[in-house]
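Accompanying notes for the structure given below.
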């Protein structure tokens, strides 16, 4: 039996006792037979089911310990619930890295969904990394890795319901000979993402808050990005900012410091934005 199923009983309390608050039923709805009431109840039920699926995915016993150790800092349940991931969606983990988000989302989307983990072709090519990816896909068979040239991202047209890019959007403004990252046009990347999203599709962006100034210089020095730059990039492509969250707010963070500075590493002020492609 998939060990994910064994997490259901253990994680049920967590699904409804965590920091996400689900709206309670209110008395006095009036005409419960109205279309508006039916729609409201259906939306509430859908959100409740999605929240439950997200918490169960995070609680999955299949996830390796090194991934679970990151949960406290990344708050995956809160993030995915805020962004609106639901079972049945086709989702993308952009610049996936080791697949942390892809694996969780693979459990959430379930049998009727799919997760594409987009990986630049020069990353994670050694034998150990390939073996780790094979193991991840075995644990979460709805996940498939898709490799592409870093500066030539092009998902199939209107194929995605949901996408997330965690702590990596700033890298589109970075050039690194060591890591074989070429000069990339962020506007072309976001335009390709827009084309790949279905109408109504959701994109979540999480990144380290940066200050004002030349974006490429800031990224080179600190690996941060000004949230206003991200918003402008996405709105220029046609996305609408549908919400933001202060889940990772840290007013004591000095945004001029590198995110790798031991004094702030793992505790940076991070923004969370939820963009939607209009219907």
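Each value in this text was obtained by applying a stated rule to the coordinates, not by laboratory testing. Values in this document were obtained by computation on a predicted structure and should not be read as measured data. Positions of Cβ are backbone-derived with ideal geometry, glycine not excepted, and every protein chain shown enters the neighbour counts.
In whole Å, what is the distance between the alpha-carbon centres of the stretch 224-269 and the stretch 195-213?
11
Any idea what the relative contact order of the stretch 65-276 is, in percent, if you count C-alpha pairs under 8 Å spaced at least 6 apart? Don't skip to the end; give the middle numbers.
Details: 396 pairs, mean separation 36.5, N = 212.
Once normalised by length, the contact order is 17 percent.
Order 212-222, 55-65, 75-85 from most to least packed using the mean count of other Cβ atoms within 10 Å. Can you show the working numbers first?
Numbers: 212-222: 15.5, 55-65: 20.0, 75-85: 22.1.
Taking the mean over residues of other Cβ atoms within 10 Å, the ranking is 75-85, 55-65, 212-222.
What Rg and what Dmax come out for the stretch 65-276 when only alpha-carbon atoms are used, in angstroms?
Here Rg and the maximum Cα pair distance are 16.3, 46 Å.
Relative contact order, percent, of the stretch 146-202 when contacts are C-alpha pairs under 8 Å separated by at least 6 residues?
Values: 64 pairs, mean separation 30.3, N = 57.
Relative contact order, the stretch 146-202: 53 percent.
Tally the DSSP beta bridges in the stretch 65-276 and give the antiparallel ones as a percent, rounded to 5. Could you put the intermediate results ahead of the total?
Details: 14 of 35 bridges.
In the stretch 65-276, approximately 40 percent of DSSP beta bridges are antiparallel ones.
So what is the relative contact order for the stretch 191-264, in percent, with contacts set as C-alpha pairs under 8 Å and at least six apart?
Numbers: 52 pairs, mean separation 23.7, N = 74.
Taking the mean separation of contacting Cα pairs over the length of the stretch 191-264, I get 32 percent.
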